[in-house]
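Trainee: One structure, as structure tokens, below. Some questions next.
The values are calculated or read from the model by the stated rules, or taken from the named source; none is laboratory data. The shown structure was predicted, so the numbers you read here are calculated from the model rather than taken from an experiment. FYI the Cβ positions are ideal-geometry reconstructions off the backbone, even for glycines, and counts take in every protein chain you see. Heads up: the accessible areas ignore ligands, DNA and RNA and are worked out on the full protein's heavy atoms, side chains in. Shrake-Rupley method; radii C 1.70, N 1.55, O 1.52, S 1.80 Å.
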Amino acid sequence: MSFFKKLKEKFTGNTETEEVSDKYKEGLSKTRGSFSSKINDLVAKYRKVDEDFFEDLEEILISADVGVSTVMDLIDELKMEVKRQNIKDSAKVKEVISEKLVDIYYGDEDSSVEELQLNDGELSIVLFVGVNGVGKTTTIGKLAHKLKSEGKNVVLAAGDTFRAGAIEQLEVWGERVGVEVVKHSAGSDPAAVIYDGVQAAKSRNADVLLCDTAGRLQNKVNLMNELSKVKRVIEREVPGAPHEVLLVLDATTGQNAMSQAKTFSESTDVSGIVLTKLDGTAKGGIVLAIRNELQIPVKFVGLGEKVTDLQAFDASAFVYGLFADLIEENKE
Ligand SMILES: Nc1nc2c(ncn2[C@@H]2O[C@H](COP(=O)(O)OP(=O)(O)OP(=O)(O)O)[C@@H](O)[C@H]2O)c(=O)[nH]1
Ligand SMILES: [Mg+2]
């Protein structure tokens, strides 16, 4: 079966999967608009698949923030596949590209969504880190909604005591979603807030505690020290916790996001990435660069500002979003 047909079968004709593919389609419309039109122009320009074709393709991928070394791998794979299938017609390459994008994301692992690692029946703690403005607090609100709708008992801890208004912002989310928020006053010790959050979560038999943290302090060293302190409190209070340390990155910042990932993973064990604001960029290819160059799984993507716009990352759905027009018109 062709790859587009497989994707079409997976993501259409069923309300549950259609909801997912619709979200990706909508959230990736900027990237699709720019990426797909460039690919279409490329195919129109080169009828035959030759060296020049691949060179231009390389540029298109790099301009979508796919990341240089990932692009190189991808181009090598594509060349091999084109040879193997003896593809002469450039239009046929589109499908091979989409298939290889999924392959390259998952690498040798079996292609399943990287789920949030939560402990069933016991308290799980998720710590959110990332620089200011990337979307930590918003993501916590969205994830709280998602977990609650799955029947989980969720508590939030307002660990950003530094930025004015940060505590209130989390409280607004708490009210909107209908979950409890543990807080202290502004300027207090974040580790103490998190400690209280853990005690509250334990005494309420909560399933998940989501911990917000500051994105900016007086300086970077302070921030990293504070995060370590918060993490130590969590480790001490709940063996095996934090179950996830999620680094939130803003997709619209491109290479900056990559360097943030390097900085944070040097001082904390980041277990996964939340890539926000994919809806706001035409360079959604950064998902692939992050996975491939940092070896950290992207667990969620932010595809808009609405509470339902946080999606578990699924590379097939992502590629569906990128090539939706081609996939849907596929008559096979
Ligand atoms: N379009 C879009 N906007 C988003 C997304 N995620 C977050 N935002 C917006 O990004 C802005 C910053 O989000 P916050 O959640 O306050 O960011 P933060 O990381 O908590 O920032 P600090 O508290 O300053 O460290 C808000 O206006 C959010 O609505 C997304 O997936 N798409
Ligand atoms: Mg915040």
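Trainee: Filter the stretch 3-17 down to the residues that are outside any helix (DSSP H, G or I) and surrounded by 12 or more Cβ atoms within 10 Å (Cβ to Cβ) and list them by number. It would help to see each step written out before you state the result.
Mentor: Looking only at the stretch 3-17, we keep the residues that are outside any helix (DSSP H, G or I), and these are 12-14.
Within the stretch 3-17, 12, 14 meet the criteria.
Trainee: Name the residues in the stretch 318-332 that are surrounded by fewer than 23 Cβ atoms within 10 Å (Cβ to Cβ) and touching a residue at least 40 places away in the same chain (Cβ under 8 Å), would you?
Mentor: 324, 325, 326, 328, 330, 332
Trainee: Go through the residues of the stretch 192-209 one by one and say whether even a single one is modelled with pLDDT under 95 and among the β-branched types (Val, Ile, Thr).
Mentor: Within the stretch 192-209, the first condition is being modelled with pLDDT under 95, and the residues that meet it are none.
There is no residue in the stretch 192-209 that is modelled with pLDDT under 95 and among the β-branched types (Val, Ile, Thr).
Trainee: Please specify each residue of the stretch 204-226 satisfying the condition of being open to solvent by less than 10 Å² (accessible area, probe 1.4 Å) and charged (D, E, K, R).
Mentor: 212
Trainee: Scan the stretch 43-57 and tell me whether some residue there is open to solvent by 80 Å² or more (accessible area, probe 1.4 Å), among the charged types (D, E, K, R) and touching a helix residue (DSSP H, G or I) at 6+ places or on another chain (Cβ under 7 Å).
Mentor: yes
Trainee: Report yes if some residue within the stretch 81-101 is open to solvent by 10 Å² or more (accessible area, probe 1.4 Å), out of contact with any Gly (no Cβ under 9 Å at 6 or more places or on another chain), in a loop (DSSP other than H, G, I, E, B) and touching a residue at least 12 places away in the same chain (Cβ under 8 Å); otherwise report no.
Mentor: For the stretch 81-101, residues open to solvent by 10 Å² or more (accessible area, probe 1.4 Å), out of contact with any Gly (no Cβ under 9 Å at 6 or more places or on another chain), in a loop (DSSP other than H, G, I, E, B) and touching a residue at least 12 places away in the same chain (Cβ under 8 Å): present.
Trainee: Of all residues in the stretch 200-219 being polar (S, T, N, Q) and away from ligand 2 (no atom under 11 Å from the Cβ), which is nearest to residue 150 (Cα to Cα)?
Mentor: The extreme case among them is 205.
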